[in-house]
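First the structure, in the form of structure tokens, and then the observations on it.
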Amino acid sequence: MLGANIRSGGVEFSVWAPRAERLSVQIISVQTNESDQIELSRGTDGLFSGFASAQAGDRYCYVIDGNCRPDPVSRYLPEGVHSRTEIVDPDSFHWNDEDWRGLSFQDFVIYELHTGTFTPQGTFDGAIEKLSYLRDLGITAIELMPVAAFPGIRNWGYDGVSLYAVQARYGGPDGLKRLVNAAHRAGLAVVLDVVYNHLGAEGNYLREVGPYFTDRYKTLWGDAINYDGKDSQHVRKYAIENALFWIREYHIDGLRLDAIQTINDASPKHIVQELVESVREFTDGSGRKVSVMAESDENERKLVLPLGEGGFGLDAVWSDDFHHSVHTVLTAENSGYYQDYGQPEKIVKALNEGFVFQGQHFRAWNTSRGTSSQGIPLFRHVFCIQNHDQIGNRCWGERLNHLVPKGAVKAAAALLLLAPETPLLFMGEEYAEPAPFQFFVDFGDPQLQKAVLEGRKAEFEDFGWTEIPNPQDPETFERSKLTWRMDEDMLAWYRQLLQLRRKFVTHSARTCRARLSDRQIVMEVPVEEAGLLVMVTFPESTSQGTKTDLAGEELLLQSKEDNCEVSVFLNKRAQARAAILKEAA
């Protein structure tokens with residue numbers, strides 16, 4: 001691995017910097033505070049390397065054209081993204097998770113959290129205190145929003161500029177290791193959100209050392225990464241090695257790749273496919289279970305097709321259609337990308353097939369969207385009714401419980417948590433957290449501060465939202481912290497649903513038969529064996545169909561509130577069918 005690596009008698013430094021003719025490393029001793037500068041040797045392909053007498057805790061920077069720059073492969077930036085790197089000994093941490101081999105993706109119940117707002121401390125150590133609560137709730141995997149170093153002390157994490165460095169404010173490398181270690185001891189997997197489609201705008205020094213970016217493609221957030229142009233093999237390695245770095249050094253159990261539809265790559269093998277292959281190769285050799293999922297709005301089946309069938313081999317993809325279908329039925333919002341939803345029939349299709357749009361015209365894009373989901377197991381779709389994007393990218397960061405009555409939230413939660421797809425909860429959802437989750441940043445560049453505010457205003461024009469919170473204002477961040485003021489009734493509802501999921505859904509065939517019946521959404525899970533019959537009535541429903549005969553069914557859970565109704569039965573007909581099939585076999 002590039003960067004500063006501890007060897008016998010000192011530290012080996014290596015950096016890929018083809019745009020530099022000469023390069024040296026400046027080291028400040030942690031013991032004496034004395035500075036030393038050593039010129040590195042330039043090898044083939046612009047790779048500089050050298051050895052120096054240094055140790056863990058010393059700080060260094062690379063001197064290029066008289067400028068002191070952080071290492072592109074910094075493990076820790078305690079002074080911030082503009083300053084020196086600290087040398088880290090990755091072998092100094094004492095792990096005691098040796099019995100943990102990972103978790104099969106079929107067992108995932110994901111809880112997405114933002115480290116800085118999840119607890120009052122806003123640290124990895126603070127999150128450790130909540131692990132037993134999450135385990136008892138029924139969560140099996142926590143998903144951390146990006147923790148790669150970003151400018152300032154407040155950020156969602158998608159403005160990260162040093163992909164290998166753990167954000168100092170959260171607790172740095174050892175803090176993340178303590179969290180992962182404790183999670184494994186509690187029986188929880190840890191998924192890390194990683195961003196390989198762009199880097200943040202402030203503190204991004206990569207373009208000074210090499211062709212990491214390209215102007216042949218554009219992203220919404222900044223320059224596209226060069227995965228298929230000149231010298232792109234080194235850039236591809238930078239991303240792939242980063243994925244393996246989290247798995248190897250931090251014992252991470254899964255990666256969530258951010259917005260891969262914006263990763264442009266015309267290479268014979270797409271960077272995402274190569275990354276998944278590299279992870280599979282590592283796990284095959286280590287005996288660990290590591291999952292890779294991705295966010296994409298394209299409804300592209302190729303992403304989850306196996307590598308051997310020409311697919312990318314991802315374990316799962318975030319499927320937005322379920323969220324959008326439920327949200328629009330409950331809120332009647334129909335602007336922006338919500339304009340293509342609003343009918344209960346689309347909730348049913350999402351439950352049955354994962355994707356709603358499978359090649360049909362999508363008005364928000366004015367073109368067709370999606371491919372067939374046939375043959376894709378339902379558990380490979382990650383469903384949610386709330387996540388950081390769908391809450392935080394609203395003008396005021398309202399959660400679903402701020403927008404609709406409690407009964408409606410309970411109904412949506414029943415479909416989410418009892419469906420065969422893989423569920424994701426956003427922190428605080430389970431107890432109807434009263435605080436919003438708003439967009440916040442801490443940029444030092446005044447022009448960038450202004451650009452972010454203006455960009456947010458432009459983004460909301462399609463939704464008719466005008467006045468917005470200032471992302472740069474510290475109060476926006478403070479408002480977004482969880483209060484942990486719990487609606488105990490809602491929390492009990494989520495716990496009961498997750499108990500039913502664990503008993504009837506998780507280890508089932510993960511199949512579904514959903515339909516509209518007499519103003520209700522009726523869902524049988526699974527189809528082939530004994531399981532659940534879930535009936536949900538949303539307010540203002542106008543759908544009609546054949547009434548379901550419930551004679552003799554055993555009621556397991558029920559809610560009647562705010563003109564919404566949820567009834568969960570033991571599906572005895574499915575039990576009978578399963579018994580007949582078993583006898584016939």
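Starting from region 371-389, take each residue that is assigned to a helix (DSSP H, G or I) and list its partners that are among the polar types (S, T, N, Q), counting only C-beta distances under 7 angstrom and pairs at least six apart or across chains. Listed pairs, sorted by first residue: Leu378/Thr511; Phe379/Gln106; Phe379/Thr422. In this structure, is Leu330 under 22 Å from the mean Cα position of the chain (by Cα) and buried (at least 20 other Cβ atoms within 10 Å of the Cβ)? Against the criterion (under 22 Å from the mean Cα position of the chain (by Cα) and buried (at least 20 other Cβ atoms within 10 Å of the Cβ)), Leu330 does not qualify.
Under the condition of being open to solvent by 10 Å² or more (accessible area, probe 1.4 Å) and not hydroxyl-bearing (Ser, Thr, Tyr), the residues counted in region 117-129 number 5.
Looking at this structure, is Lys302 open to solvent by 10 Å² or more (accessible area, probe 1.4 Å) and over 19 Å from the mean Cα position of the chain (by Cα)? In short, yes. Confirm whether Glu461 is at pLDDT below 95, open to solvent by 10 Å² or more (accessible area, probe 1.4 Å) and within 21 Å of Asn334 (Cβ to Cβ). It is true that Glu461 is at pLDDT below 95, open to solvent by 10 Å² or more (accessible area, probe 1.4 Å) and within 21 Å of Asn334 (Cβ to Cβ). Among residues that are within 30 Å of Val505 (Cβ to Cβ), surrounded by fewer than 21 Cβ atoms within 10 Å (Cβ to Cβ) and of a type in the set (Ser, Thr, Tyr), Ser132 is included. Residue count for region 30-63, restricted to those that are open to solvent by less than 30 Å² (accessible area, probe 1.4 Å) and either at pLDDT below 95 or not in a strand (DSSP E or B) (or both): 5.
Residues in region 500-524 that are under 24 Å from the mean Cα position of the chain (by Cα) and either open to solvent by less than 50 Å² (accessible area, probe 1.4 Å) or under 23 Å from Gln386 (Cβ atoms) (or both): Arg501, Arg502, Val505, Thr506, Arg510. Here Glu112 clears all of (1) out of contact with any Asp or Glu (no Cβ under 6 Å at 6 or more places or on another chain); (2) of a type in the set (Asp, Glu); (3) more than 21 Å from Glu208 (Cβ to Cβ); (4) touching a residue at least 12 places away in the same chain (Cβ under 8 Å) except the condition numbered (1). Mind listing just one residue for me: the one in region 334-380 that is charged (D, E, K, R) and either farther than 12 Å from Asp297 by Cα or surrounded by fewer than 20 Cβ atoms within 10 Å (Cβ to Cβ) (or both) and, of those, nearest to the chain's Cα centre (by Cα)? The residue in question is Arg380. Picking from residues in region 97-116 that are touching a helix residue (DSSP H, G or I) at 6+ places or on another chain (Cβ under 8 Å) and of a type in the set (Asp, Glu), the one that is surrounded by the fewest Cβ atoms within 10 Å (Cβ to Cβ) is Asp97.
When each of Ser232, Ser286, Ser296 is tested for being in contact with a strand residue (DSSP E or B) (Cβ under 6 Å, 6 or more places away or on another chain) and polar (S, T, N, Q), the lone residue that passes is Ser296.
Condition test on His323, is it farther than 30 Å from Glu281 by Cβ and not in a helix (DSSP H, G or I)? So His323 fails the test. Every listed requirement among (1) under 19 Å from Leu220 (Cα atoms); (2) in contact with a Lys or Arg (Cβ under 6 Å, 6 or more places away or on another chain) is met by Pro420 save one, (1). Scoring Val317 on the criteria (1) open to solvent by 10 Å² or more (accessible area, probe 1.4 Å); (2) in contact with a helix residue (DSSP H, G or I) (Cβ under 7 Å, 6 or more places away or on another chain); (3) of a type in the set (A, V, I, L, M) leaves a single failure, condition (1). Taking into account only those residues within region 532-571 that are modelled with pLDDT under 95 and within 33 Å of the chain's Cα centre (by Cα), which is surrounded by the fewest Cβ atoms within 10 Å (Cβ to Cβ)? Once the filter is applied, the top-ranked residue is Pro539. For the residues Ala451, Ala432, the requirement of being out of contact with any Cys (no Cβ under 9 Å at 6 or more places or on another chain) and either within 30 Å of Val527 (Cβ to Cβ) or surrounded by fewer than 18 Cβ atoms within 10 Å (Cβ to Cβ) (or both) singles out Ala451.
The values are calculated or read from the model by the stated rules, or taken from the named source; none is laboratory data. As the structure is a computational prediction, the values presented were derived from the model and not from experiment. Ideal geometry is used to build each Cβ from the backbone, glycine not excepted, and the neighbour counts take in all protein chains shown. Surface areas here come from the heavy atoms of the whole protein model, side chains and all, with no ligands, DNA or RNA. Shrake-Rupley method; radii C 1.70, N 1.55, O 1.52, S 1.80 Å.
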